[in-house]
Amino acid sequence: MNFKALVIVAMSTCGTLFSQVHKQDKVLFTLDGTPYYSEEFKRIYNKNLDLIQDPNQRDVDQYLELFVLYKLKVSKAYELKLNEDKSYITELKTNRDQLAERYLTDDSLTDELVLEAYNRSLKEINADHILFFTKSFANPADTLKAYNKALSVRNEILNGANFNEMAKKYSDDPSAKENGGALGYFSVFKMVYPFESGAYKTAVGAVSKPIRSQFGYHLIKVNAIRENRGEVAIAHLMLLKSADNDVQKNKQVSERIKEIEAQLKNGAKFEELVAQYSEDTNTAKLGGILPKFRVGMMNEPEFEEVAFNLEKAGDISGPVETTFGWHLIKLIQKNSLPTLQESKVALENKVQRDSRSRMINEQLVKKIKQRFAVVEDGKLKKQVFSLIDQSFYKNSWKRPADDQQYQKALLTINKDRVATAMDFLKYVEKNQQAYRGVEPLSKAVDLAYEKFLESELKSYYMANLESEFPEFDHTVTEYREGLLLFELMETEIWNKAKVDTIGYTAYYEKHKHKYKQKQRLDLAIYHFEDKKAAKRAFKRWQKNPSLATVIPAVVNVESGLFDFESALVRENEIPTAEGVYINPKDDREIIVVKEVLPEQILEMESVKSQVLEEYQDSYEAAWIEALKREKKVEVNQAVLEEVKRELSKG
């Protein structure tokens, strides 16, 4: 399947099913009588010009075909009720909430965040990731482009591509070129919050859907999850690697650390050796003692692993190499994780400094108040306030039983959202403990009301972002339909084709002539010190080719199976027949062609990924043809010609 093209068309389409249609819009085409309008098509076409790589798709007629097909797929997805799937709803909500961060400050309760952080701290996750970079406040088009790319790469991985190789190829994290996106083990607060959440919500062995953070989108593969091993206190003796990382000098340093280890085994005291030899100037005078740490805090996985594997206080490791040098590690103490109550204050401090914290919201509330008119019933407000007594400070105040007089509007936002007096009373009853330290009571109640008002304003603002910001509305709609189409293709095409063993086996049998191994030579090239030595060997081997298997120690050999068209065969003009030859390009070399392997058809298992991909293309093409037959498409040619004229001017 051409997944990338699908995603571009599918997810770049804005406001398809639910956008408001202006009266001046003209019907461009209909599907079974359902109208689709010219203004929408023009906006989408112009928006996607830079994303369209295929010149044919820049043609309005060609693009219209893609657009109609897109509409057919969206319609099919709704017919199949994929929009009612719980995972889809959850994913859409997650994406909308992440997009809304530009417009709305996170107002999550600190206690909820602390509990979440503590529960996560009990586990350590080993994961790999691929980063698709976008700026924190990137415009929707750039954000969508990164998201599309992430979806495309994820699909390649789901279809069998190696995650770490894809990380090397696509990740915008520079370190991925070396480590394939490997992050090792980490726990809570080690990563930015969205990434952390994505990792903790992904099953072992699975690849997450794109996760948004301030750095862009991430694909996360969780390799393993283990219990958090707590905290460790250690001391170390370190010898630094050479400043220029010279191999010979580093070898000498490695030998020195072994000599120091030998002194330890002969009874020398660790602390004395640290004072004498350690090149960590910050800890040498302190016996080599480092601050306590947990997994992921040292950024040296091997160092951490050795430290945590020491069993008893006083145990000393053998030499451990890191990027800085070589270490001997002594265990001082291991500490298990503290309880929630013991760690609550520390976790609260971390949450307040972390991106998950509730950001300062006064400016947001002020902005919302300026945007939306708030009308209060002053008389009812005074009456409601008087119901709250001193039991409020004991967390035992109870709201009155439901009464008609408290179902009246206490405040109205933008002549639209109504919050009743009972809504406020319920809020006070639920949250009274949060204001226990605020005195006098009137001030506590005023503060509770302000927080209640802030909550109502933010809730209204959040619910109406689409109407307030058309750009946000378009982007959310794109995500809604992009995710929906991803679910459609996964459900109706990719998954079905993947398990259709009869279908793809039959496809292989029908097209097996395509999967050929070209003619190859099993050969070896022997490079001698000089042409005389080569000539002597050539004469012996011509008489008895089996002698070529006895390779002189002074000879360099390059051997293997090579296609007739490979660079090595062509550049050296290697004969394509068995025999022993002097290389016409270099008379110090002898070429031995051991065997000529004929062209052959490859077994399906060796080309299964290619067969599956091609079968999925075939499966999808048949599915699309069937889909096109389901609905009647009628294009208004007069409107189409008008659209072409307008677009040509642009």
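The values are calculated or read from the model by the stated rules, or taken from the named source; none is laboratory data. If you're wondering where the values come from, they're calculated on a predicted model, not measured in any experiment. Neighbour counts are summed over all protein chains in view; Cβ atoms, including those assigned to glycine, are modelled from backbone coordinates with ideal geometry. Note: accessible area is taken over every heavy atom of the protein model, side chains too, but ligands, DNA and RNA are not part of it. Shrake-Rupley method; radii C 1.70, N 1.55, O 1.52, S 1.80 Å.
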Residue check, LEU453 against (1) crowded, with 19+ Cβ neighbours inside 10 Å; (2) out of contact with any Phe, Trp or Tyr (no Cβ under 8 Å at 6 or more places or on another chain); (3) modelled with pLDDT under 90; (4) over 30 Å from THR143 (Cα atoms), all met but one. Which one? (3)
Enumerate the pairs (first residue in the stretch 269-290 and touching a residue at least 40 places away in the same chain (Cβ under 8 Å) and over 15 Å from ALA307 (Cβ atoms); second residue anywhere and open to solvent by 70 Å² or more (accessible area, probe 1.4 Å) and among the charged types (D, E, K, R)) with beta-carbon separation below 6 Å, excluding pairs fewer than 6 apart on the same chain, so at least 6 apart or on different chains. GLY287/GLU271
Among residues belonging to the stretch 582-609 that are part of a helix (DSSP H, G or I) and charged (D, E, K, R), point out the one that is least open to solvent (accessible area, probe 1.4 Å). LYS608
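Here is a yes/no grid of residues against (1) among the charged types (D, E, K, R); (2) touching a helix residue (DSSP H, G or I) at 6+ places or on another chain (Cβ under 7 Å); (3) closer than 22 Å to MET298 by Cβ:
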residue	(1), (2), (3)
LEU183	no, no, yes
VAL188	no, yes, yes
SER197	no, no, no
SER208	no, yes, no
ILE211	no, yes, no
TYR217	no, yes, no
ASN223	no, no, yes
ARG226	yes, no, yes
GLU231	yes, no, yes
Yes or no: LYS177 free of Cβ contacts under 8 Å to residues at least 60 places away in the same chain, outside any loop (DSSP other than H, G, I, E, B) and touching a Gly at 6+ places or on another chain (Cβ under 7 Å)? no
Please give the number of the condition GLU259 fails out of (1) touching a strand residue (DSSP E or B) at 6+ places or on another chain (Cβ under 6 Å); (2) surrounded by fewer than 17 Cβ atoms within 10 Å (Cβ to Cβ). (1)
Which pairs have Cβ atoms under 6 Å, sit 6 or more apart or on different chains, and link a residue in the stretch 141-154 that is more than 15 Å from GLU471 (Cβ to Cβ) to one that is polar (S, T, N, Q)? ALA146/THR134
Checklist (1) surrounded by fewer than 22 Cβ atoms within 10 Å (Cβ to Cβ); (2) polar (S, T, N, Q); (3) within 18 Å of ARG356 (Cβ to Cβ); (4) touching a residue at least 60 places away in the same chain (Cβ under 8 Å) applied to ASN223, failing item: (3)
Just to be sure I understand, how many residues within the stretch 610-632 are surrounded by 15 or more Cβ atoms within 10 Å (Cβ to Cβ) and either polar (S, T, N, Q) or more than 30 Å from GLY160 (Cβ to Cβ) (or both)? 4
Counting only residues that are under 26 Å from LYS149 (Cβ atoms) and hydrophobic (A, V, I, L, M, F, W, C), which one in the stretch 19-54 is modelled with the highest pLDDT? PHE41
Checked the stretch 633-648 for anything acidic (Asp, Glu), part of a helix (DSSP H, G or I) and open to solvent by 60 Å² or more (accessible area, probe 1.4 Å); matches are GLU641, GLU646
Just for strands (runs of 3 or more DSSP E) wholly inside the stretch 340-447: which have at least 1 residues that are on the phi < 0 side of the Ramachandran plot, open to solvent by 60 Å² or more (accessible area, probe 1.4 Å) and free of Cβ contacts under 8 Å to residues at least 60 places away in the same chain? 374-376, 417-420
Got a number for residues in the stretch 262-290 being open to solvent by less than 100 Å² (accessible area, probe 1.4 Å) and either in a loop (DSSP other than H, G, I, E, B) or in contact with a strand residue (DSSP E or B) (Cβ under 7 Å, 6 or more places away or on another chain) (or both)? 15
Is it true that ILE257 is out of contact with any helix residue (DSSP H, G or I) (no Cβ under 6 Å at 6 or more places or on another chain) and assigned to a strand (DSSP E or B)? no
GLU558 fails exactly one of the following numbered conditions: (1) assigned to a loop (DSSP other than H, G, I, E, B); (2) among the acidic types (Asp, Glu); (3) out of contact with any Lys or Arg (no Cβ under 9 Å at 6 or more places or on another chain). What is the number of that condition? (1)
Among TYR526, TYR460, which is the only one that is outside any strand (DSSP E or B) and open to solvent by less than 30 Å² (accessible area, probe 1.4 Å)? TYR460
GLY437 meets each of (1) at pLDDT below 90; (2) within 36 Å of the chain's Cα centre (by Cα) with one exception, condition (2)
